[in-house]
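Throughout, read-outs are computed from the coordinates displayed, never taken from laboratory work. Since we're looking at a predicted model, the values are computed, not measured. In this analysis, Cβ positions are derived from the backbone assuming ideal geometry, glycine residues included, and neighbour counts consider all displayed protein chains.
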Amino acid sequence: MVFKAIGRHKALVIAAVLTMLLQVGAALWQPSYMKSILKVMANMSLSTSDKIDKVSSYGLGLIAVAVVGLIGSILNTLAAAKIAQTVSADLREQTFRKIQAFSYADVEKFNSDNLVVRMTNDINQIQMLLMMTFQVLIRVPLLFVGAFILSIITMPKLWWIIVVMVVLIVAVTGISMGRMGPHFAAFQSLLDKINGIAKDNLRGARVVKSFVQEDSQIAKFDKASDELNGHNLAVGYTFSTMIPAFTIISQLAIFVAIFLVSTFVTQSASVASDQLGGIMSFIQYMMQIMFAIIMGGMMSMFASRGFVSMGRIQEVLNTETSMTYATDEAEDLDGSIEFDDVSFAYPNDAQPTLHNISFTIAPGQQVGVVGATGAGKSTLAQLIPRLYDPSEGTVRVGGKDLRTVSKQTLKDTVSIVLQKAILFSGTIAGNLKQGKADATDQDMDRAAQIAQAAEFIDRLPERYGAPVEERGNNFSGGQKQRMSITRGVIKQPKILILDDSTSALDARSEKLVQEAFNRELKDTTTFIIAQKISSVVHADTILVLDEGRLVAQGTHKELVESSPVYQQIYNTQKAKEA
């Protein structure tokens with residue numbers, strides 16, 4: 001997944017690697033110049049002017065190498081940043097496209113808050129990993145191997161100091177990473193949890209303040225935050241011991257090296273010049289080796305978090321959507337609906353929500369669906385636009401099994417208006433055009449008249465250009481429902497489903513909407529799911545659901561006489577009205 005994305009930027013990858021080699025080569029070359037300078041300065045046979053000339057020459061070479069390394073570092077950073085940004089942008093787009101292809105069941109499987117964290121925090125972790133890979137992780141092994149070989153060439157007698165230092169630093173790094181690993185694994189799940197708590201609290205701010213639940217929400221957030229803080233502190237404490245341990249090991253190695261070189265010089269003055277020049281280079285190579293190991297250890301922390309995030313993104317991208325379409329061909333279907341022995345259970349639910357439901361609706365009929373809370377009314381409605389597929393049985397629209405028609409055909413034929421009116425930030429026109437992308441002002445006027453939304457839209461100076469705030473917070477519940485109905489009817493679908501979508505309307509507005517439906521949508525099959533029988537009393541046929549089963553079907557008059565369940569609902573609501 002990440003490697004495919006990186007493969008699309010081969011030129012940048014080559015540039016990053018070449019500039020990295022330039023940077024490493026410059027870093028490994030510098031100690032040799034320092035060795036030459038010190039040898040010149042320690043050579044007693046040279047005159048002062050000769051020493052100045054040679055030191056100046058080597059100094060200019062050292063500056064030139066440093067400049068080359070600096071240029072390589074700058075270019076490498078630019079290439080690494082470009083790779084990290086473009087690849088992470090590609091992954092974010094791929095992930096969002098994949099989520100858009102998910103069915104309701106797929107989204108519920110992951111949870112919306114979890115998916116948001118994956119698209120933001122997890123991809124940021126991958127971006128950081130890519131940046132570090134092309135800046136540090138590739139550099140570390142090259143620098144380690146190069147410095148190790150050159151240090152032994154420089155001071156062959158002290159090879160064992162390098163080996164002992166490497167073994168000790170690797171041991172400390174391994175122990176530290178082993179302790180930090182479990183904490184890294186817990187980070188992402190805790191971030192999911194904290195994000196969910198914060199999101200719920202902000203969405204439900206009115207409820208929290210109405211019931212004075214600020215303290216309980218703070219306590220819940222603090223608990224998760226403290227848990228995350230505990231993991232971060234554990235990692236911090238481990239790091240606080242790692243760096244001093246590395247420093248002690250490296251300083252001891254330097255002390256032993258200098259001590260032994262001093263004994264070599266004492267024993268043989270003839271090699272003093274070469275040994276004194278070599279010790280400086282040897283110490284620099286030791287520092288480079290230590291730096292490579294330390295950076296490798298620290299980068300392993302970012303790598304471990306990055307690989308966890310890569311796995312989480314890969315899980316999303318590898319998920320096969322539970323709903324596929326057999327064809328891409330558009331068809332013209334009529335508004336007939338047939339349920340043939342349909343049963344349905346939500347994912348991970350042991351008991352079905354709907355049981356063996358069968359009925360047939362002719363095109364243009366107005367259908368009411370009533371039942372107690374939890375009877376399965378909304379679930380039944382969601383099977384018609386194929387938000388879910390039935391567990392058993394077949395749902396047909398226009399005589400076609402929904403699993404055999406294209407997505408475009410289904411979109412053109414069926415429109416659903418949910419009870420909870422969901423509006424997106426932007427403008428009224430932007431929200432209405434989600435129902436019909438090429439909708440004209442005349443289309444919007446007609447739909448707004450049917451939904452009785454023109455009543456308040458026409459009072460706005462900008463009309464359809466009026467702004468819609470996040471979640472439509474600048475409109476009342478009834479206004480949002482009427483805009484949602486407008487969006488549902490604007491494309492003049494063959495089948496319109498109203499899932500208790502007039503619950504926030506007053507009696508007068510609801511009556512006007514019903515009259516407009518009867519007048520303007522005569523050829524549209526209308527499914528009206530309602531808690532109030534008064535909303536469906538004039539329907540051509542009414543479906544009565546009880547505990548997920550279709551227990552009765554008929555007109556209002558027929559059901560009042562024959563259905564005990566319908567009678568109970570009707571009598572209860574009649575008594576309340578009285």
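Quick rundown of the values:
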| item | result |
| --- | --- |
| Reduced Cα scattering model of the stretch 2-318, Debye log10 I(q)/I(0), q = 0.10, 0.11 Å⁻¹ | -0.75, -0.85 |
| Segment residue 350-residue 571, extension gain: residue separation times 0.36 nm, minus the distance between their alpha carbons | 76.2 nm |
| Cα-projected label distance for residue 213 with residue 104, points at 7 Å along beta-carbon direction, nm | 2.4 nm |
| Net length gained if the chain between residue 455 and residue 391 were fully extended (0.36 nm per residue, minus Cα distance) | 18.7 nm |
| Residues whose placed amide H lies under 5 Å from that of residue 552, excluding near-sequence neighbours | 544 |
| Dipole of the stretch 2-318 [Lys/Arg +1, Asp/Glu -1 at C-beta], most positive-end residue of 21, 217, 238 | 21 |
| Global form of the stretch 527-567, assessed from the alpha-carbon gyration tensor, a/c cut-off 1.5 | oblate |
| Table column - 3J(HN,Hα) (Hz), the stretch 341-349, Karplus curve with 6.51, -1.76, 1.60, x for Gly and Pro | 6, 8, 10, 8, 10, 5, x, 6, 8 |
| Sequence ranges 64-71, 83-90, ranked by mean other-Cβ count within 10 angstrom, highest first | 83-90, 64-71 |
| Expected 222 nm ellipticity per residue - DSSP helices of 4 or more, -39500 (n - 2.57), all of the chain, to 500 | -21500 deg cm²/dmol |
| Cα gyration tensor category, rounded, prolate or oblate, for the stretch 113-182 with a/c compared to 1.5 | oblate |
| Candidate values (1) 260; (2) 213; (3) 177, label of the one derived for volume of the Cα convex hull per residue in Å³ | (2) |
| The stretch 320-431 shape via C-alpha gyration tensor axes, a/c threshold 1.5 | rounded |
| Nearest-0.05 FRET efficiency for residue 420 and residue 227, computed from C-beta distance (R0 35 Å) | 0.60 |
| At R0 = 51 Å, FRET efficiency that the Cβ-Cβ distance of residue 167 and residue 93 yields, to 0.05 | 0.65 |
| Dipole magnitude of the stretch 447-578, debye to nearest 20 (Cβ charges: Lys/Arg +1, Asp/Glu -1, about Cα centre) | 180 debye |
| Inter-probe distance in nm under a simple model that places probes 7 Å from Cα toward Cβ, at residue 315 and residue 74 | 4.4 nm |
| Candidate lysines for bridging to residue 411, where Cα separation is under 26 Å - those fewer than 8 sequence places away on the same chain excluded | 98, 109, 377, 400, 420, 433, 436, 480, 491, 494, 522 |
| Calculated from backbone phi, Karplus (6.51, -1.76, 1.60) coupling profile of the stretch 65-81 in Hz, x at Gly/Pro | 5, 5, 5, 4, x, 5, 4, x, 5, 5, 5, 5, 4, 4, 5, 5, 5 |
